[in-house]
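Undergrad: One structure is given below, represented as structure tokens, and several questions about it will come after.
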Amino acid sequence: MRRPTGKNAAKFTSRIETLEQEIRAELEPLSDKKFVVFHDAYHHFEHHFEIEASGSVTVSPEALSSADRVAAIQDRIKELGVVCVFQEPQFDAKLVDVVLEGSNARKGTLDPLGTDLANGPDLYPQLLEKPVRIACRLPQRPVLNQKNRRNVSGGFFFSS
């Protein structure tokens, strides 16, 4: 990695390197958990931190998923024991609700745009950190019922 020059750049680089180590440590115990993302936009993050989504709800968020695609994702969720399907706040969540039907998977929210984050020097670190914090914040085995199972915002990996 080419190092930026200057005091601020060095400080920021050090901060990101430390954050990456923290993220790796937090994701490591979750590496065997299966999840599905709304659309296939997280390859760099997944590759960098050695995790992998089990699929995506839609190939392109601008195009509607076909009934065949929805059925295939529903089957994949059941076959693989997917524990969470992620929606994104900028897209209609109804498709994720349909995909979840008949499964024990939960719904979480990933916000790749950082719509609730303040612009400024902390934006990029928070964009990296937020999905990990969401994944790691739930208790080990939450008690869920059919009504609230799909309305858990954020967490995903710790459900059984």
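The values are calculated or read from the model by the stated rules, or taken from the named source; none is laboratory data. Treat the numbers as computed from the prediction; the structure is a model and nothing was measured. Cβ placement follows ideal geometry from the backbone for every residue including glycine, while neighbour counts extend to all protein chains displayed. Ligands, DNA and RNA are stripped out before the accessible areas are found, and what is left, the full protein with its side chains, is counted by its heavy atoms. Shrake-Rupley method; radii C 1.70, N 1.55, O 1.52, S 1.80 Å.
Undergrad: Going by the conditions given, is Asp122 modelled with pLDDT of 90 or more, open to solvent by 50 Å² or more (accessible area, probe 1.4 Å) and either β-branched (Val, Ile, Thr) or out of contact with any strand residue (DSSP E or B) (no Cβ under 7 Å at 6 or more places or on another chain) (or both)?
TA: When the stated conditions are applied, Asp122 does not pass them.
Undergrad: Can you tell me which residues in segment 85-104 are of a type in the set (A, V, I, L, M, F, W, C) and in a helix (DSSP H, G or I)?
TA: Hits for segment 85-104 are Leu95, Val96, Val98, Val99, Leu100.
Undergrad: List pairs: first residue in segment 32-54 and without any contact (Cβ under 8 Å) to a residue 12 or more places away in the chain and closer than 18 Å to Gln21 by Cβ, second residue open to solvent by 30 Å² or more (accessible area, probe 1.4 Å) and not in a helix (DSSP H, G or I) anywhere in the structure, Cβ distance under 9 angstrom, at least six positions apart or on different chains.
TA: Glu46/Glu52
Undergrad: Follow-up. Does segment 51-84 hold any residues that are outside any helix (DSSP H, G or I) and not small (Gly, Ala, Ser), and which are they?
TA: Selection gives Ile51, Glu52, Val57, Thr58, Val59, Pro61, Glu62, Leu64, Val82, Val83, Cys84.
Undergrad: When you scan segment 37-48, do you find a residue that is in a strand (DSSP E or B), at pLDDT below 90 and touching a Pro at 6+ places or on another chain (Cβ under 6 Å), even just one?
TA: Within segment 37-48, one or more residues are in a strand (DSSP E or B), at pLDDT below 90 and touching a Pro at 6+ places or on another chain (Cβ under 6 Å).
Undergrad: Does segment 16-26 contain any residue that is touching a residue at least 24 places away in the same chain (Cβ under 8 Å), surrounded by 11 or more Cβ atoms within 10 Å (Cβ to Cβ) and touching a Gly at 6+ places or on another chain (Cβ under 9 Å)?
TA: no
Undergrad: Can you name the residue in segment 15-36 that is among the aliphatic types (A, V, I, L, M) and in a helix (DSSP H, G or I) and, of all such residues, is farthest from Leu123 (Cα to Cα)?
TA: If we take residues in segment 15-36 being among the aliphatic types (A, V, I, L, M) and in a helix (DSSP H, G or I), then Leu30 is farthest from Leu123 (Cα to Cα).
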